[in-house]
Structure formats: C-alpha cells, structure tokens
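*Asks:* Could you have a look at this structure, given as structure tokens, before my questions?
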Amino acid sequence: MINISEYKTFPDRTFGLGQDVSQDLTDVVRVPALFDKNSSIYKGLINGGLANTTAKLGAPTSIYEQLIAALENNQHLKHKQLVTLQSKIGRKPYATGLIRAIYKGQRSPVITDWAASNYLSVAIGMGLIDLNYREDYYSITEFGEKAVKLFDNKDNSKLKKFMFERLMEYPYAAWLLRLMNQDPSKWYSKFDLGSNFGFIDEPGFVSLPENLFVDGLINAKIHHDDAEIKRIRSNGESTADKYMRWLAGVFVFYGLIKQRQRTAERKVGDNTYTVSVGPEYRVTYDGRIALNYVNGGSKFKRSKKRVRWEYLAPKIENANKRKTARALMLKFLSESPNGLAANVISQKINVVRQSINSIPEQVIDDAIGLNRLGIEIINDKGKLKLKEELYDFTIPVKIDDEFKSSEADKIKTFLRPVLKHIDHHYLQAVDIAFKKNTSNQENTQFEILSTDLFTKEMGFHGRHLGGANKPDGFVYDQTDGWIIDSKAYSQGFAFTAHNTDAMSRYIRQYRTRNDKSTWWKDLPDNLPNTQFIYISSYFTGKYRQQLADYEHSNQMRGSLMEIAKLLMLAEKVKAGILNYNDFKKYALDKNTDFEFYSFILK
C-alpha cells in the first residue's frame, strides 16, 4: 500500500541510482552488513578494521570514537554515520563514515564520501536497507538480512541470483531492458539511453544530440583546439549519462547486454577524422529472456517493482512538489485496476494538496515520464492504467505544508494546454531559463532547445554552434538569418549595450567573413537580412531604448524573446496559424513587454 504520512520535518535525499559503485551487486551487500552484528563485515570493523581505515590513516581520534559508538548501536544508523561525519563532502584519505571504511578506493585505502553516498543510494534502491522518515535513520530490511546471510556463507551463486531478482524489481532496470529489446539488433550509445530516460519536461537527464557532439569534436580536432574538445566532452554528458554507464555495467556483469567502444567518422575535404563517442551496448539472448522477468511472460510472473518518492523528480526547483504529485498519481492508479482518466487523477491529487495545482496535461506528461523510469502506465481508451504491482512505499509531506509554485511552474502550467503541436520536451527550456544557477550542460541544453524550436518546429535551416567566441546558434531561410543567444536568468536578463556590441561583432563576422573566427564558414553568405535574437526568461532594464539605439547606430536589427513567447509562436507557426512574416513581425517588435506574462506569475 502507498501511504501518505505527515511529518513536521523529514530528510530529502537522492536514492536509487549510483555512480562509482561496483557493477557486481553482490558487493553492495556490504552496506546492510553494517547493521548485522553477526556479519563478517561488522566483526572485521570492530576487531581492528575501523582503526586501520581511520586512526591509522591519520583521522582525528573523535572520528574513530564516533564511528565505533555508531557500530555499537548499529540497528539505527544516521546518514552522517554511514557517509561522512564532516559537514562538507570531502576526499580525506581516511574513513569519515562507515561505508567509506568497508570499500577500498581506486587510489586510496578508502573510497570517497561521494562514492559512499552512492553505495547507500544503491543499497536502498535494491531494497536492502530502508529510511525512517520521522526519526531520520536507516535500518536493514528482510531482503538485506537474507543477502548478508548469503554473503557470510560465501554462497556466491545463490547471492548473485538473489541480487539479480532484486535487479529485476528495480524500475530503472525494467526501463533499460524494455528500451534495448525494442530493437535487439541495435547498438545503443549513452546518447540513445539518455534521450529516452526520465521526465520529458525537466532538465538534468537528457543527453545532448550525438550528431552535435560528434560534429563539435571533429571541428575542434581540425583546429587542434584541445580546450574546446574538453569543453564539448564535459558539456555533452548529462547527469543521466553517468548513472546509465553504471547501470549498463551491471547489465554487462549479469550478461544481459554486451559492450563495445563507439567511434564516429567524418570526411572533411580530403581528410577523414575519427573521434571516440564512448561505450555502446546491445542486448544479449539472456537480456531478451530477462524481459520476461520485468514484464511477465513465458513461465515468469511479472516482477513487483520497488519505487520510492525520491525517484520521481531530478534536482530542480520545487522538486518535492513534483515528486509528491507523481507519487500520488501512482497511489491512485494502484488503487484503481480499471484505470482513471487524467482529469480525475488531477482532481484527486488536488484534493490531497490543492497547492500542487495539478492539471490533466501534467498528468499525461508524467505518465510518459514514469514509463521512462520503468514504471509502465498505458492509455486504454482514455484511461491511464498502471501495469505494475508496486512494493509499499511512503509519500512524505510536511504538516500543513503548502507547495509554492515557482515562476517556471506557473509558466509551464499555462503552456501545457496551449502546446498541442510542439513536443513538451521543450518545456525543459522554461526550467533552465528561470534557474538561478545553471551548469554548463544545462546552458548548452538551453541553446540547443532554442535552436531546435527554429529548425525542427518552424522550418528554418541552421544549427547549434556554441563554444567560445561563437553565437549559440544560427538559423536562416531564403531571406533572413538569425543569430541566437540564449540566457538563463531567474530574475530576468538585464539587456545592455555590452550585449548589442557582442551581436554587432557576430553579424559583422558573418557578413564580411574576414575575421579569424570561422564559425560562419558553412553558412550561406547571400542572405539580404541578418539580425540577432536573445532568448531568456524575461528582460529587464531599458531594453526598448537599447534596441532602438542599436538599430540607429549600426543599421542592424535585433530582438528579444521570452522563452514562453517563443514556444507559443512556434506552436502557432507549426499549427499553420502564423507564417514566417508574422513570426518576424512579432520577433522584431521593439515594444515587446513581459507584462503579457505577468498575470501568470502572480
């Protein structure tokens, strides 16, 4: 049963997936062994192992004493006792938490705090330990006790089988098996995996397109730009990529998929350039059979899936609101075997917490996202049906808590019913545009989404550029070129002369083609008009006057576009309501004003 439990306060952490964790799941069993005083892991720490990984490695006496005390009362261990007693994650060469003490690092006697946190996450994901929300402590589960017993009996074959069964209950594993069995002959890259994982309307999980990644690497290789190669490899990897590599490695260990290195070639002039893309994977015969475990089939019963509230949103603003809405959706579907319409689900969610402000379009998008986490939901004649049996889990909510909607939430709630022709994955751009602090990968994702709205949705030619001393993108039709720059600003983008100066330089580079920069070399050189467009959350300052001064001084034109307005215009262009001339008129209107959206943000 999925229960709603109210707390004055409760821990909010990330569980389920891991990085820097052994791909042999039997090794994860060391974590629940910390809770069993009869286990070999526990006895090894008590009988000198903890001293070897703390005091003898230079740890303060207080660290050793606190961890020994935690072991002696090990039924209920706190997060800091397991991961790190330090206030900040660090890389001290000695164990600052019990999990650090039971694994050897690659280059040190103990693993890092980060790796310890990931081992804890995976142990919870496999159902070996659980978290008490009210008291904020961890304890061993029945599955954990069974696994530790097999571990201590050195019954490796039974333990491997036992952990395989836990893997088949893992929703992420179900997702990966279903995806790779869609085309068993295909080799799937990390880009393929990342692009099919997670909630479509939220940033953080989606990989950058592989063709852009390869083209950028090859262009940098041609120009011997090692710094650009490093930047592209860093920005081209999403959060999901790192987790997917670990999960794929687990599948390789169990023989469910096989792995090889993927390379890409491009011929430029008389030369052929090759770059490494990374590992790619293809399902094996055993991987095809394993699909029966997660789906049910042949002689296998469909596996019961282990889901947690923490799985249901990435680290974004108002993540708890989104996790709670999706958990409530699973609760109501699990209690309704005949299914529920999306509007009924949203009504039920709002009864529990009106401040969630659920709408049917959000429920439908969430159903897509839940499928992309491995929780199968089908649409049967207008009703959503949950195909999985789920283990019991708790939906934690704070007593009398009212969820506040962020600016991005409000904009997206307004846009969802409007966007009928534009894929809702573009709503990621709204989240990024309104973020206070963005990563390089998120900024690159914003650039790509903005450019794709022109090229993939409105019929322009062109591409994403990005990188140092380049515009974010360039798009064009028969008469006009648009230099695109995307800016993420939670409090609005203060448009200044510095910005118009940068755009003047890009337009002159494009027109004259006599600058050291060559970003323009593959773009047409005979367009009558070239102008810029800045895309952001909204704009502040004297932007109208700044645009007028720019046009008067430079005999060039430019425009500003709120991401919400761009999405709505793209929707109307794709729906055939507006043509290109209409779009251009709206885009170059110097009277653009954020007031149109102000009612949404109240």
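The values are calculated or read from the model by the stated rules, or taken from the named source; none is laboratory data. Predicted model, so just to flag it, every value in this text is computed and none were measured. When we count neighbours, we look across all protein chains shown, and the Cβ atoms used for this are built from the backbone with ideal geometry, even at glycine.
*Asks:* Just the residues that are more than 15 Å from L120 (Cα to Cα), of a type in the set (A, V, I, L, M) and part of a loop (DSSP other than H, G, I, E, B), please, taken from region 55-84.
*Replies:* A59
*Asks:* What about N350, is it more than 14 Å from I200 (Cβ to Cβ), buried (at least 16 other Cβ atoms within 10 Å of the Cβ) and without any contact (Cβ under 8 Å) to a residue 12 or more places away in the chain?
*Replies:* Criteria met by N350.
*Asks:* For N38, state whether it is modelled with pLDDT under 95 and either out of contact with any Lys or Arg (no Cβ under 8 Å at 6 or more places or on another chain) or among the aromatic types (F, W, Y) (or both).
*Replies:* No: the conditions fail for N38.
*Asks:* Working carefully through the options Y243, Y273, Y285, Y281, find the one that is in the same structural domain as D183 (by TED's automatic domain parsing), surrounded by fewer than 20 Cβ atoms within 10 Å (Cβ to Cβ) and under 24 Å from T26 (Cα atoms).
*Replies:* Criteria check complete, one pass: Y285.
*Asks:* Sort out which residues of region 131-173 are of a type in the set (A, V, I, L, M, F, W, C) and under 18 Å from D24 (Cα atoms), and write them in order of number.
*Replies:* F143, A147, V148, L150, F151, L159, F162, M163, F164, L167, M168, A173
*Asks:* Moving on. Look at G198 and say whether it is assigned to a helix (DSSP H, G or I) and either at pLDDT below 85 or of a type outside the set (K, R) (or both).
*Replies:* So G198 fails the test.
*Asks:* Could you please let me know if K572 is out of contact with any strand residue (DSSP E or B) (no Cβ under 9 Å at 6 or more places or on another chain) and within 29 Å of L217 (Cα to Cα)?
*Replies:* Considered against the rule, which asks whether it is out of contact with any strand residue (DSSP E or B) (no Cβ under 9 Å at 6 or more places or on another chain) and within 29 Å of L217 (Cα to Cα), K572 comes out as no.
*Asks:* Is at least one residue of region 247-266 among the hydroxyl-bearing types (S, T, Y), farther than 29 Å from A173 by Cα and not assigned by TED's automatic domain parsing to the domain that holds T26?
*Replies:* No, region 247-266 has no match at all.
*Asks:* Could you run through region 466-476 and say how many residues are modelled with pLDDT of 90 or more and either in a loop (DSSP other than H, G, I, E, B) or in contact with a Lys or Arg (Cβ under 9 Å, 6 or more places away or on another chain) (or both)?
*Replies:* Number of matching residues: 5.
*Asks:* I've got another one for you. I'm trying to understand the selection: among the residues of region 396-420, which are over 25 Å from K487 (Cα atoms) and either charged (D, E, K, R) or surrounded by fewer than 22 Cβ atoms within 10 Å (Cβ to Cβ) (or both)?
*Replies:* Of everything in region 396-420, those that are over 25 Å from K487 (Cα atoms) and either charged (D, E, K, R) or surrounded by fewer than 22 Cβ atoms within 10 Å (Cβ to Cβ) (or both) turn out to be V397, K398, I399, D400, D401, E402, F403, P417, K420.
*Asks:* Same structure, new question: Is it the case that some residue within region 4-19 is more than 24 Å from M163 (Cα to Cα), in contact (Cβ under 8 Å) with a residue 24 or more places away in the chain, exposed (fewer than 14 other Cβ atoms within 10 Å of the Cβ) and of a type in the set (S, T, Y)?
*Replies:* Looking for residues that are more than 24 Å from M163 (Cα to Cα), in contact (Cβ under 8 Å) with a residue 24 or more places away in the chain, exposed (fewer than 14 other Cβ atoms within 10 Å of the Cβ) and of a type in the set (S, T, Y), one finds at least one in region 4-19, hence yes.
*Asks:* Follow-up question, since we're still on this one. Do you know which residues across region 520-554 are part of a loop (DSSP other than H, G, I, E, B) and of a type in the set (S, T, N, Q)?
*Replies:* Listed by number, the residues that qualify are N526, S537.
*Asks:* Which numbered condition in (1) at pLDDT below 95; (2) of a type in the set (D, E); (3) not in a helix (DSSP H, G or I) is the only one that D431 fails?
*Replies:* Condition not satisfied by D431: (3).
*Asks:* While we're here: Being small (G, A, S), modelled with pLDDT of 95 or more and under 26 Å from L177 (Cβ atoms) is the requirement here; does A367 meet it?
*Replies:* yes
*Asks:* If the requirement is being of a type outside the set (A, V, I, L, M, F, W, C) and under 18 Å from the mean Cα position of the chain (by Cα), which of these qualifies: K301, K305, K331, K323?
*Replies:* K323
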